[in-house]
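Chemist: One structure, as structure tokens, below. Some questions next.
All of the numbers you see were taken from the coordinates with simple rules; none came from a lab. Predicted model, so just to flag it, every value in this text is computed and none were measured. Note: ideal-geometry Cβ built from the backbone for every residue, glycine included; neighbour counts use all protein chains shown.
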Amino acid sequence: MNVFAELQDRIGLILKGLIDNGQLPAGLDLSRFVVEPPRDPSHGDLATNAAMVYAKEAKPGFSSPRELATTLAYTLAGDPDVDQAEVAGPGFINIRLHPHVFADVLRASLSDDSYGRPAVRDERAVNVEYVSANPTGPMHVGHGRGAVFGDALANLLAFSGRKVTREYYINDAGAQVDVLARSAFLRYREALGESIGEIPEGLYPGDYLKPAGAALAKAHGAALRDKPEAEWLPLVRAFAIDAMMEMIRTDLAAMNIRHEVFFSERSLTQGDAGEDHVRAVIEDLRARGIVYVGHLAPPKGQLPDDWEDREQTLFRSTDFGDDVDRPLIKSDGGYTYFASDIAYHKSKVDRGFDDMIDVWGADHGGYVKRMQAAVKAVSGGRASLDVKLCQLVKLMRNGEPVTMSKRAGTFVTLRDVVDEVGVDAVRFMMLFRKNDATLEFDLAKVIEQSRENPVFYVQYAHARCKSVIRQAKAVFADLDTSAATLSTADFTLLTDEGEAGLAKMIAQFPRQIDAAAAAHEPHRVAFYLHDLASSLHSHWNRGKDQPHLRFVNEERRDLTSARVAMVSSLTRVFASGLGVLGVSAPDEMR
């Protein structure tokens, strides 16, 4: 039950009636207006901007947005669920619902295990690609933010009915994996008993490659040591990549993150039968006139030292919204990263994904337009790509920066952080800020048991609700706390403003899910849960000073039953919301 969606439908019907009567022009897009909570709760339960949105089209039938709003409000006032509809300002409408609507919300949330999910589910397939860290070492905290964001977004979309595929793109081609192989080979020689001294400049430091070196020594003995690099490099590279990916999978599993698909970049040019998919995509685009041979204009401002004006194979990305056309083949004949990425996204289209979401680090912001252009080109305009950029994470401890760990050699690993503060703290705090805003993550603050710690604050709200139910059972031993029985409670007894406020917050949950899924912004769920927790804790504290407001009233079984029913509804919303975020909902907090 989504009261916001239901009222939007009813307002849409009123507007359609005005169209049928000739008071509004035909062909209006009736999805343009919104129904949302008013900024000031004292103004009502819902607000709509419908009259403001259609103000231009309303003339000459209505002289002003306020006149249209007055007509809409008058009709809404006759709705059996609407207690009051008032026009505010230049044409906004504030709506107050009858209390029975929120009683219906509580019943729906108790009787329907799918409460919060859309009534009409969008079951289209969507591909969410996230993490995709280079397989050259353990993941750092910045990778962790993208991992948590992508996983929570996938959860959110699945909760909303989408058929989600979670994908990891393995960057196992290019110079960085050759560096990995040489670094692993050095650790292999060390495992054979050689003294390797300081790690040479340009190779990967840290202890994480020691197990790979030891495993190579165990598997091959000294057989690789005296071979030329051209012979051992392919073998060691494949071995090291597998070892790094196993480590990454293990670290992701510690965060409760699992992908269905791991796609190899190398497979684009070295398929099972030797196929070169990048070349095939380039030739297909060339045949369609989207790839051509030409010259690029020099970059504006001072020319870089390596600039050369040469004839190049170019993708017409400007035809699809990009700023300049982009090269596909480097001067040495190899493919650019962009060429490989076009082929990779073409594979997603070929696998049936018209909706794609990529989660990238903020340093890739300049790459977004060209990839969106590429997706339009390879799909004939059918597919869309939404790129979500995750900003940096500043790791702190009591306000002081934390910068290095022995395992990685140059940075703090994600696994170090998870092992220290726990997966719930990491996941919730990574989502308690919009993905494109820099995040300060303080290792000391996130384990505090205080209201200043958001994850504790929300989890404690769920645990507090569970304690209320246990307390009610202790006072009324035969109290039936099953959802079916609680849904029959007399909700007219919930007359306090705090109780009404909690019921209204519960009513917002489906709308929050809808809005977060549509915007691809799981942080909205975290914000909502924190606000809901704040409302619960505030009402609980009122009960300390006013015993008649306490959830369990030993003198009133009927009132206790109604309040426990509302609390049970809260537990369901907290558990569902935390589940979307991938965070546990504990029954007790010690």
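Chemist: Rank-order 41-51, 478-488 by packing density, defined as the average count of other C-beta atoms within 10 Å over each peptide's residues, highest first.
Modeler: Highest to lowest by the protection proxy: 41-51, 478-488.
Chemist: Moving on. Out of the DSSP beta bridges found with both residues in the chain, what percent are antiparallel (nearest 5)?
Modeler: Numbers: 21 of 45 bridges.
Percentage antiparallel, nearest 5: 45.
Chemist: Oh, and also: Just name one of Asn398, Ala147, Ala339: the one whose Cα is farthest towards the positive end of the charge dipole of the chain (beta-carbon charges, Lys/Arg +1, Asp/Glu -1).
Modeler: Farthest towards the positive pole: Asn398.
Chemist: Any chance you could give the angle, 0 to 90 degrees and rounded to 10, that helix 210-220 forms with the longest Cα principal axis of the chain?
Modeler: Result, in degrees: 50.
Chemist: Find the centroid of the Cα atoms in the range 525-556 and in the range 6-39, then give the distance between the two in whole Å.
Modeler: Here the two parts' Cα centres lie 37 Å apart.
Chemist: For Cα pairs less than 8 Å apart in space and 6+ apart in sequence, what is the mean separation divided by the residue count of the chain, i.e. the relative contact order in percent?
Modeler: 15
Chemist: Please report how far the C-alpha centroid of the range 442-503 lies from that of the range 254-302, rounded to the nearest whole angstrom.
Modeler: For the range 442-503 versus the range 254-302, the Cα centre distance is 52 Å.
Chemist: How large is the helix-only mean residue ellipticity at 222 nm for the chain, computed as the sum of -39500 (n - 2.57) over DSSP H runs with n ≥ 4, divided by its residue count, in deg cm²/dmol to the nearest 500?
Modeler: Values: 19 runs with 275 residues, N = 590.
Roughly -15000 deg cm²/dmol at 222 nm, from the helical runs in the chain.
Chemist: While we're on this one: Using 0.36 nm per residue, how much length does the chain from Arg556 to Asn541 gain when fully extended, once their Cα-Cα distance is taken away?
Modeler: On the way: separation 15, 0.36 × 15 = 5.40 nm, distance 2.02 nm.
Full extension of this stretch gives 3.4 nm more.
Chemist: So if I place +1 on the C-beta of Lys and Arg and -1 on the C-beta of Asp and Glu, and nothing else carries charge, what would the dipole magnitude of the range 1-55 be about its Cα centre? I want it in debye, nearest 20.
Modeler: Numbers: 4 positive and 7 negative charges, 25 e Å.
I would put it at about 120 debye.
Chemist: Below 8 Å between Cα atoms, with a sequence gap of 6+, how large is the relative contact order for the range 5-89 in percent?
Modeler: That works out to 22 percent.
Chemist: Let me ask another. So which of Lys210/Lys434; Lys369/Lys394; Lys210/Lys348; Lys388/Lys445; Lys56/Lys369; Lys300/Lys330 end up more than 29 Å apart by C-alpha?
Modeler: Pairs exceeding the cut-off: Lys210/Lys434; Lys210/Lys348; Lys56/Lys369.
Chemist: Right, another one. So if each residue of separation counts as 0.36 nm, and I subtract the Cα-Cα distance between Asp354 and Ser384, what length gain in nm does that give? Could the numbers behind the result be given before it?
Modeler: On the way: separation 30, 0.36 × 30 = 10.80 nm, distance 0.61 nm.
Length gained, Asp354 through Ser384: 10.2 nm.
Chemist: Between Glu201 and Ile447, what length comes free when the chain is fully extended (0.36 nm per residue of separation minus the Cα-Cα distance, one decimal in nm)? Don't skip to the end; give the middle numbers.
Modeler: Values: separation 246, 0.36 × 246 = 88.56 nm, distance 3.81 nm.
Extending this stretch completely gives an extra 84.7 nm.
Chemist: Something else about it: Lys/Arg Cβ at +1, Asp/Glu Cβ at -1, dipole of the range 3-97 taken about the Cα centre: which of Gln23, Phe92, Tyr74 is farthest positive-ward?
Modeler: Gln23
Chemist: Report, in debye and to the nearest 20, how large the dipole of the chain comes out about its Cα centre when Lys and Arg carry +1 and Asp and Glu carry -1 on their Cβ.
Modeler: Dipole of the chain, to the nearest 20 debye: 480 debye.
Chemist: Checking the a/c ratio against 1.5 first, then a/b against b/c, what shape does the Cα gyration tensor give for the chain?
Modeler: In terms of gyration-tensor shape, oblate.
Chemist: Calculate the dipole size of the range 175-254 relative to its Cα centre from +1 charges on Lys and Arg beta carbons and -1 charges on Asp and Glu beta carbons; express the result in debye to the nearest 20.
Modeler: 200
Chemist: A further question on this structure: Pop a pseudo-label 7 angstrom from the Cα along the beta-carbon direction at both Tyr74 and Gln176 and give the gap in nm to one decimal.
Modeler: Modelled inter-label distance: 6.5 nm.
Chemist: When a/c is below 1.5 the answer is rounded, else prolate if a/b is larger than b/c, else oblate, so apply that to the range 289-372 with a ≥ b ≥ c taken from the square roots of the Cα gyration tensor eigenvalues.
Modeler: Note, shape of the range 289-372 comes out prolate.
Chemist: Let me ask something additional. In degrees from 0 to 90, rounded to the nearest 10, what is the angle of the helix 523-545 Cα long axis to the longest principal axis of the chain?
Modeler: Tilt relative to the chain: about 40 degrees.
Chemist: So how far, in whole Å, is the C-alpha centre of the range 157-214 from the one of the range 90-132?
Modeler: Answer, in whole Å: 44.
Chemist: If I take every Cα pair under 8 Å that is 6 or more residues apart in the range 150-215, average their sequence separation and divide by the length, what percent do I get for the relative contact order?
Modeler: Across the range 150-215, relative contact order equals 31 percent.
Chemist: Could I ask something else about it? Kindly identify the range 22-140 as rounded, prolate or oblate by the Cα gyration tensor criterion: order the square roots of the eigenvalues as a ≥ b ≥ c, call it rounded if a/c is under 1.5, otherwise compare a/b with b/c, prolate if a/b is larger, else oblate.
Modeler: prolate
Chemist: Based on C-alpha coordinates, I'd like the Rg and Dmax of the range 393-523, in Å.
Modeler: Taking only Cα atoms of the range 393-523, I get Rg and Dmax of 20.3, 63 Å.
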